């Protein structure tokens, strides 16, 4: 197990190197940040001076090596746009995104698995058909549309939920949380539902498919024959085996939700990392973009490793050698 | 016993009165379309950024009213003793938010800071200054390398910082905590969420009418509309033309519109031997574009046709200029005369995330030009990439917008129309490499004209040469700024021509 984890970590480092290299190559085609930084009326000479002061006059490979060296020391550079450390800017936004993504993944897990089991047990009942039709909608509806529709219905017409922002927050140490106030939770509902819709539909379909397959297995028939209670058969014997792909999927999705909740955050003006990333892309703020992508990669890689470890807990038969 | 009851009653009433006091304080919630980048007043020369800074800081001068009249602020008087010097007499008794006195040392410090690329986007202004002489605590003379006729016109954008606290603080802290002399102090800035301001009760112009302002940057326009429609905010900036109808139909909301200073136009190259080097071709392209239809269909009526680049209050605006008529038949004839009866092919570039309906306007222009036989390849892209190409000067034909914060067209002409000359720093945003020796000469001659009347006449002459004789650009329209407010709450809001949200000018 330990060698396995070490091997995965090593792979992770290689992936990070590749990701950062790709970032640097892409930046060459992303527009010139120096133009805005020098100001609208700067002359060509002044633009060159700014370029030099940022170290952007050097060849790409020199910049890249410098970046790696600094990153290895925990220094990801200063944002061009706001001239404060990029990592700090991103970490400041992390709690908002983390709370949003956690709520979204919980919603999708609870409802996705719950409805999935329900549908699998009575596949032809009318409510199952309705749920399946709904899940198709959930998969095919783009996030921005879901978000705008929810805002229009619940915030503008019904006026029962706030349309944007995070509401009242409380500082718990360095962590600014919206989960401890009623206002904060009211603000969380619409964006969390929006963010969870797609994932919910995917998990539902995955659970349903798995459950239908497992429920037809011999060992389930044996379990029924033994006279075990339906709960024991469904949850302990059937669902437990189905959960492996579901947990993998949910884990991968969680990483993605944290890293790329961009659309939802933009629509609800949620002060998270995705919102920052989009602004930074518009303004060609390369240090923030590269730090963000590196962080996203770290999150996704770590979650993958955690999911692998969790497998072993769910199914002791799985061995990593 | 009775006495105690009386005393309790009085105490309760006093408490109620005291409690009612702060409740009567006026507050305002505003949703704006772009977030602040930082709280360093020199680090962002965009109007979105200056709009925030203008509340925390003051310039030596300020601009007020419809036509942006230049009026005193931290300086009570300004003089121009010789071509290279600008003398400012400073206001006495002004204090910074931290209690420090405002003096000439702060002015010297702030202007010196402009030249540092680490903290300033006003490099161009900063590098032009050769000396800042502090005559006494309340008199400063600023000397420039070359004569800059519009120097004072820019003084509303250059904000004065407190020398002592800016030097003492960590540079990172200066980026997030503004200490100025402005009408508002920063209470709290939560990035991505809100900026809260409280009134500076000791403001030299008198405390502003609204005590606390909450600014919520909401970049997505439909969410901004939802915020207003659900009553969460009271003023919204940047209503897109496609949301105009829903706002007007909503009985609780009111649209406030203001002709914008920015004009949108097409820039054309004139490389020797290319079709566009022929004035007849330029004229034909101008006449082929149906601007009225662009305004009606694409801008949905929220724009005014332009015959030149500067707007009315700008020095250099020429009231005698008018648009060439829309006349595709004559345009075709002109093309044939110029030797292109079957037209030619040209690439039209433009941004798709910068101006109101920018991409749609480009598409329409391509369609109009196709009608007279000119085949247009559209090359529309995000502004970060587009403006790099403009700066490199590699384009052929492109859409761009401009207005000059100095209200003087001189600086803009040097930047956009003068032949590209890296050594002198001219033509930096002349993206299609337009070059005309006659125009360059006249433009260079204006650099030394300080006399306002003479300057106006020469710039008008230059403007006529550019728009009529040479057709450097094809002007399209002036944009219109659209805001929306909650109706019936007594909000008094007159938008400024420069789109800045200056809260001391708003009341409710």
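Summary of values
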read-out	value
Count of segment B:149-179 residues which are without any contact (Cβ under 8 Å) to a residue 60 or more places away in the chain and within 30 Å of residue B:67 (Cα to Cα)	0
So residue B:160, is it more than 13 Å from chain A (Cβ to nearest Cβ) and in contact with a helix residue (DSSP H, G or I) (Cβ under 8 Å, 6 or more places away or on another chain)	yes
Near pairs, Cβ below 6 angstrom, 6+ apart or cross-chain, from segment B:111-139 (more than 10 Å from every other protein chain (Cβ to nearest Cβ) and in a strand (DSSP E or B)) to any residue that is modelled with pLDDT under 95 and exposed (fewer than 14 other Cβ atoms within 10 Å of the Cβ)	B:130/B:145
Unique match (being touching a helix residue (DSSP H, G or I) at 6+ places or on another chain (Cβ under 6 Å) and either closer than 25 Å to residue A:151 by Cα or touching a residue at least 24 places away in the same chain (Cβ under 8 Å) (or both)) among B:229, B:267	B:229
Enumerated helices (runs of 4 or more DSSP H) restricted to segment A:30-77, each holding at least 2 residues that are within 29 Å of residue B:405 (Cα to Cα)	A:33-38, A:44-53
Filtered residue count, segment A:28-70, keeping only those that are surrounded by 13 or more Cβ atoms within 10 Å (Cβ to Cβ) and within 11 Å of chain B (Cβ to nearest Cβ)	25
Scan of segment B:360-396 for residues that are closer than 21 Å to residue A:32 by Cα, away from chain A (no Cβ under 14 Å) and not in a strand (DSSP E or B), ordered by number	B:395, B:396
Qualifying positions in segment B:70-92 - assigned to a loop (DSSP other than H, G, I, E, B), in contact (Cβ under 8 Å) with a residue 60 or more places away in the chain and under 18 Å from residue B:135 (Cα atoms)	B:74, B:84, B:91
Any chance residue A:177 is in contact with a helix residue (DSSP H, G or I) (Cβ under 9 Å, 6 or more places away or on another chain), in contact (Cβ under 8 Å) with a residue 40 or more places away in the chain and surrounded by 22 or more Cβ atoms within 10 Å (Cβ to Cβ)	no
Unique residue being surrounded by fewer than 24 Cβ atoms within 10 Å (Cβ to Cβ) and either part of a helix (DSSP H, G or I) or in contact with a helix residue (DSSP H, G or I) (Cβ under 8 Å, 6 or more places away or on another chain) (or both) when the list is A:293, A:258	A:293
Members of segment B:180-191 that are in contact (Cβ under 8 Å) with a residue 60 or more places away in the chain and either crowded, with 24+ Cβ neighbours inside 10 Å or away from chain A (no Cβ under 13 Å) (or both)	B:180, B:181, B:182, B:183, B:184, B:185, B:186
Some residue of segment B:65-79 being away from chain A (no Cβ under 14 Å), at positive phi and out of contact with any helix residue (DSSP H, G or I) (no Cβ under 7 Å at 6 or more places or on another chain)	yes
Selection within segment B:163-179 - out of contact with any helix residue (DSSP H, G or I) (no Cβ under 7 Å at 6 or more places or on another chain) and more than 14 Å from chain A (Cβ to nearest Cβ)	B:164, B:165, B:167, B:168
Lone qualifier among B:213, B:247, B:236 - being at pLDDT 95 or above, surrounded by 16 or more Cβ atoms within 10 Å (Cβ to Cβ), within 14 Å of another protein chain (Cβ to nearest Cβ) and touching a strand residue (DSSP E or B) at 6+ places or on another chain (Cβ under 7 Å)	B:236
Candidate set from segment B:43-77 (those that are under 15 Å from the mean Cα position of the chain (by Cα) and within 24 Å of residue B:202 (Cβ to Cβ)); member that is surrounded by the fewest Cβ atoms within 10 Å (Cβ to Cβ)	B:64
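The values are calculated or read from the model by the stated rules, or taken from the named source; none is laboratory data. These figures come from a predicted structure and were not determined experimentally. All Cβ positions, glycine included, derive from the backbone under ideal geometry; neighbour counts span all protein chains shown.
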